[in-house]
1. Between region 93-122 and region 184-204, what is the separation of their alpha carbon centroids in Å?
2. For region 155-163, in order, what is each residue's ³J(HN,Hα) by Karplus, 6.51 cos²θ - 1.76 cosθ + 1.60 with θ = phi - 60°, in whole Hz (x at glycine and Pro)?
3. Along Cα→Cβ, 7 Å out, is where each label goes; now give me the distance between the ones at residue 258 and residue 46 in nm to one decimal.
4. Measure off, as a whole percent, the carbon and sulfur share of the 1.4 Å-probe accessible area of the chain, all protein chains present.
5. Report the per residue volume, in Å³, of the convex hull enclosing the C-alpha atoms of region 75-214.
6. Among 179-187, 147-155, how do they line up by average Cβ neighbours within 10 Å per residue, starting with the highest?
7. Can you pull the percent of Cα pairs in the chain with separation above 29 Å?
8. Between residue 152 and residue 250, with labels modelled 7 Å along Cα→Cβ, what's the label distance in nm to one decimal, could you check?
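The values are calculated or read from the model by the stated rules, or taken from the named source; none is laboratory data. Worth saying up front: this structure is predicted, and the values here are computed from it rather than measured. Because the Cβ atoms are built from the backbone with ideal geometry, glycine has one as well, and the counts that use them run over all protein chains shown. Only protein heavy atoms, including side chains, enter the accessible area calculation; ligands, DNA and RNA are left aside. Shrake-Rupley method; radii C 1.70, N 1.55, O 1.52, S 1.80 Å.
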Amino acid sequence: MGQKEERSTHSMLSNLASGAIAGAVAKSTIAPFDRAKIVFQVSSKRNFSYKKVGQFLVETVRSHGVKRLWKGNSATMMRIVPYAAISYMGNEHYKDYFKRQDPDGKLSHKMRFLSGSLAGVTASFLTYGLEVLRARMAIQSEYKTIVQSFFQIRETEGIRSLYRGISPTLIGVSVYGGVSFYIFGTLKNSHPLNPGERLTIPYRVLYGALAGLCGQSIAYPLDVARRRMQTGGIKGDHLERYSTMRKTLVHIYQNEGIKRGLYKGLSLNFVKGPMAASISYTVFDYVNHFIEGKESY
């Protein structure tokens, strides 16, 4: 293996490891808020408010203990570690590929966006089944472990149910991945720095938060749709309502509206989304810099 291939392999492994660590730290930090969001998203009867989220979290602790707030986090880690690893590695790979296609070796705004989109789609497609298991574990007490959840869903609903909701997911992550990676990379790349100077943590956190906020806000209705499709058939819902992305979006819009339906829980994302994105991007940059000794742009 030549030096160039060795550097490429080392860089790929570095991106995978850095992405995995970044995703695990970020998702574990916001896990209680994520669980609350899922519970409100999948129910057409629950109206969302910060007060009700607080009541849900307090009631969960009182009834089941603090650990219950992280119920399903093992499934989340089994999904988010490979998802984040593939997503970050994919973004760097696609960026390098598009740079090589440019005569000047530069990354255009369009290619930066496309790199993030392709990275999100690649990672989501490969880890989607684990996302469905995580959603079920978050809202149903009968799903206790990820292995038990898998066999129970396979026996009662069939293996295809693990891919229910994949269409809005892939569309959503293509938008979210493209927007968030694009905004973070562009802001970081355009920040004025002296030679040898690195971007400080407050700016990384700020740029990551802005990237996450913009990406999730744009793609949010698709996130609601995929949750309904993933959990259709439980909680008293009729599966037919959520059998396709179009039916799901139309049903939510007609029966719950835009604010209380398609954007239910969005305000909670204004807290947890920027928090998760800022932690994830910052951790990735620092771990990757520690391993490789260079900055990613």
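1. Using only Cα atoms to place each centre, the spacing works out to 20 Å.
2. 6, 8, 10, x, 5, 5, 5, 6, 10
3. 2.5 nm
4. 61 percent
5. Working: hull volume 18.4 nm³, N = 140.
Spread over its residues, the Cα hull of region 75-214 gives 131 Å³ apiece.
6. 179-187, 147-155
7. Across the chain, Cα pairs with separations above 29 Å total 35 percent.
8. Inter-label distance under the simple model: 3.3 nm.
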